[in-house]
Amino acid sequence: MNISRREFLQLLGVSGAVAGGFSPVWAVPDAWAEKLLSGPRLETWKVSTCGQCPAGCGIRVRRIDGIPVRILGNPIAPVNGGFLCPMGEAGLELLFHPDRIVQPQMRKGKKGERGFEPVSWDDAMKRISQALRDQRNSKQSGRFGFLMGDRNTLLTELAGEFTARLGSPHFFPWRTPGVNELGFWHGTGDFFPYAFDLKRTDYLITFGANLLEEPPSPVYFNRIYGTLKERRSQTGLKMVHVDARMSQPGRNATEWVQVRPGSMGVLALGMAYVILRDNSYDKEFVARHTRDFRNGKEDFYTLVTRDYSPERVSEVTGVPPQTILRLAREFEAAKAPLALSGGASSACEAGLYSEWAVASLNALSGGFSVKGLWREPAAIPWGSSPASAFHPRSGAFSRKAGNAFGSDIPASWVSEQLPDLAATGKIPDPGILFLAHANPVHQAPNQKAWREWLSKIPLVVQFATLTDDTSPYADLVLPLTTYLEQWDITLPSPGPPFSQLGLQQPIVAPLSGARPLGDLLVHLGRETGIDLSPGKTGKPYTEYLQERMRQVFASGKGTPYFEAVSLEFLADLRKRGWQVYSYPAFGDFWRLLQEKGGWWDPGEYPTVDWKRKRAFLFPTAPRLASLLKEPVVSKPEGDAKQGAATPHLRLEESIRRPGGPDSFLLVPFVTLMNMNGEGASQPLLQELFGLYPRLYWKTWAEMHPVRAARLGIRDRDLIRVVSGNGTMTLPVRVVPTVSAEILSVPFGQGHEESGRYARNLGANPLAVLDRRTDPLSGRSSWQSTLVRVEKIKR
């Protein structure tokens, strides 16, 4: 039964302003509507974990007669402490979405067309099972691939195990790199990188890292930022944000430093130059725990002092020399300096080099020596899990206990380049490809290549809650449950200095014929001769999940979430051999997890111990040259010029500048309401997406006032944005919070599918980007496309 949200609330007895305003359509089961009319209206609450992003925020769902009516934050969940972002509150709009897939769909017609016909679950599962068995019997298991959006849950591990047990190395996690991830992989060999404690720093500088609007955990870091700002007058904390656009971290900082896109690493090395010339670097740490700082050859010291003087850095970055000097001296004088990178710093052709340069600032300044500032993530009690890796030299994917430092990179870095890897013969074209929680035809810049590649694959099976832009290239589309209808565990979020496992449990039984992906994979495994879960109760993924939590219980570590107990009191209890809760058997432990919402280890991660044969590797010209000999993705034909003599200067050649009065560098950006494009399917997030510019349900462009005046463009005028790959017609907001060289456009709109609230609204800036990648990481560049802007006369 389709009813409006207003009608739904009125059935609950809510009226007036609360039920007013825009009222999207909700698909509510008929039996529920009848219950709302005649039921006793008993209120209950159930806890779970949000699945709208990878952060793992705890939630409490209010239910009337068992029907969910509102989502709030779980006050005892450590990551969010009762707070919740609009994405979390909008979860019911996904649960009750009127365009949810209600039955398996089979392709009818050519790929790329929107022709599907319904089939039964039995017929769909039989077709998939038979295709998997045929592939295994013909010794072609290596031609099975699984592309899965990594929501930081145990389900992603199950999907990787499913792929490996089939005999294929081709499990492709799809996610954006986390804070510090690119630079720390080459600087320390650690993946994931170290956690950090913002409460211990007295000088924070973020190079593009948008902690408040992007993963790993926006709610957690918004809470921390709020606390830091409140105490700033007492602590003297300075917060500097470096970016070409003033995002939320820039608005919350004490200083925003405007920098040319792609040049953040150059700025970091300019600060390193000042620290070295002042002879104020952490000599003890550098001598004991680093490599290639100064060895008499082409070392880090030589690279920095020869090529990164403030005057030259200013020319490249657009940051005045006096600002570079001041930032460096403030940073070197701090007692607990902290430099973070990510977001915009990784989304360019020199992304890995930039983040490596930022990581080097922490080694030079003494930040790595500050007790408690950098933390070493503790292993989950069930132990480490295999990781998907990519070897640039051979082009091979693998599933192993850990990535091999110096040879492998995380597979997630190159997943969006799969069509290019297949075109160059680095991977075979799959015979069967599974797709879940990823929409590459919308989320990847190389969208034409994705369409062509998916069209070649004989069997593409998509698991989805809504049809999306990739669905027309699938042969089968199977309806999935939402996070409010299934079991799962969210894993510890990279960044916060503690470990948490958030329990997802069904708030309601699956609606509309949908099924949980975990159960489907376990079933398909058994049909193919693979037993992923030994259970026989009809709830196989639940048993897989419980088996992991049995290991947590057996370890004796951590505790279910708890209320009103200080960490000091908990430490005292542990010294006495006591716990907050008593759970002598696993059944008691499991019931507490369901009642409280998850498990965490209140003992903070230990400080990074650099004495354990660990060293920080500085970037050097020889090391960069070695990496550039084996680029992750080959450059486009005709674009393989040698360029500058030294490798770091060749990487800097990717920094682009506009060349005319109507020329701009197109820079897409991400917002909290629609960080991966999926928020466009939910009306509340569509409304909030355009809240800041006051342009709702559409895409806009942001232009600096000086450039707008030269072109005769006024605020809210329509402009045409032209690149070599297409055009966009957008309203423009004339604001001083962007660099004069860039045209900034939000990502998230421009869907051809994804339900009635997203379809054919706005534009997708990724669709007009040039195909450029970082040769060291394989990540696509969002900061390499020059566009021309034309004013549209009304």
Among the residues of region 219-253, which ones are of a type in the set (Ser, Thr, Tyr) and under 30 Å from Glu89 (Cα atoms)?
Tyr220, Tyr225, Thr227, Ser247
How many residues does region 347-387 contain that are open to solvent by 10 Å² or more (accessible area, probe 1.4 Å), polar (S, T, N, Q), touching a residue at least 24 places away in the same chain (Cβ under 8 Å) and under 24 Å from Trp413 (Cα atoms)?
1
When you go through Asn446, Asn439 one by one, which is the residue that is modelled with pLDDT under 95, among the polar types (S, T, N, Q) and farther than 24 Å from Gly183 by Cα?
Asn446
Of the residues in region 486-520, those that are open to solvent by 20 Å² or more (accessible area, probe 1.4 Å) and more than 20 Å from Thr542 (Cβ to Cβ) come to Pro492, Pro494, Phe498, Ser512
Considering each of Arg100, Arg151, Arg143, Arg175 in turn, give the residue that is within 18 Å of Thr467 (Cβ to Cβ) and touching a Pro at 6+ places or on another chain (Cβ under 9 Å).
Arg100
Return the residues of region 747-767 that are open to solvent by less than 10 Å² (accessible area, probe 1.4 Å) and in contact with a Leu (Cβ under 8 Å, 6 or more places away or on another chain); say none if nothing qualifies.
Phe747, Gln749, His751, Gly755, Pro765
Taking Glu117 as the residue in question, decide whether it is acidic (Asp, Glu), open to solvent by 70 Å² or more (accessible area, probe 1.4 Å) and in a loop (DSSP other than H, G, I, E, B).
no
Taking region 5-52 as the region of interest, how many residues are buried (at least 17 other Cβ atoms within 10 Å of the Cβ) and modelled with pLDDT of 95 or more?
7
Take region 219-240 and flag every residue that is closer than 19 Å to Ala333 by Cβ, among the β-branched types (Val, Ile, Thr) and either outside the structural domain of Trp256 (by the TED database) or surrounded by 18 or more Cβ atoms within 10 Å (Cβ to Cβ) (or both).
Val240
Region 282-308, residues that are surrounded by fewer than 18 Cβ atoms within 10 Å (Cβ to Cβ) and under 21 Å from Val240 (Cβ atoms):
none
Among (1) over 17 Å from Trp174 (Cα atoms); (2) outside any loop (DSSP other than H, G, I, E, B); (3) touching a residue at least 24 places away in the same chain (Cβ under 8 Å), Thr467 falls short only on (2)
Write out, first by first residue and then by second, each pair whose Cβ atoms fall under 8 Å of each other, whose residues are 6+ apart or on separate chains, and whose first residue, in region 555-574, is closer than 21 Å to Trp382 by Cβ while the second is of a type in the set (D, E, K, R) and at pLDDT 65 or above.
Lys557/Asp601; Gly558/Asp601; Thr559/Asp601; Pro560/Glu595; Pro560/Lys596; Tyr561/Lys596
Test: Gln130 is in the same structural domain as Thr482 (by the TED database), crowded, with 19+ Cβ neighbours inside 10 Å and among the polar types (S, T, N, Q):
no
Scanning region 556-580 for residues that are open to solvent by less than 60 Å² (accessible area, probe 1.4 Å) and modelled with pLDDT of 75 or more gives Gly556, Gly558, Thr559, Pro560, Tyr561, Phe562
So, in region 698-736, of the ones that are surrounded by 17 or more Cβ atoms within 10 Å (Cβ to Cβ) and touching a His at 6+ places or on another chain (Cβ under 9 Å), which residue ends up nearest to Arg788 (Cα to Cα)?
Val734
Candidates Pro261, Pro215, filtered to the one that is outside the structural domain of Pro496 (by the TED database), surrounded by 22 or more Cβ atoms within 10 Å (Cβ to Cβ), farther than 18 Å from Val735 by Cβ and in contact with a Cys (Cβ under 7 Å, 6 or more places away or on another chain):
Pro215
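The values are calculated or read from the model by the stated rules, or taken from the named source; none is laboratory data. Just so it is clear, the structure is predicted and the values come from calculations on it, not from any experiment. Note that each Cβ is placed from the backbone with ideal geometry, even for glycine, and that neighbours are counted across all protein chains shown. In case anyone asks, the SASA skips ligands and DNA or RNA and just uses the protein heavy atoms, side chains included. Shrake-Rupley method; radii C 1.70, N 1.55, O 1.52, S 1.80 Å.
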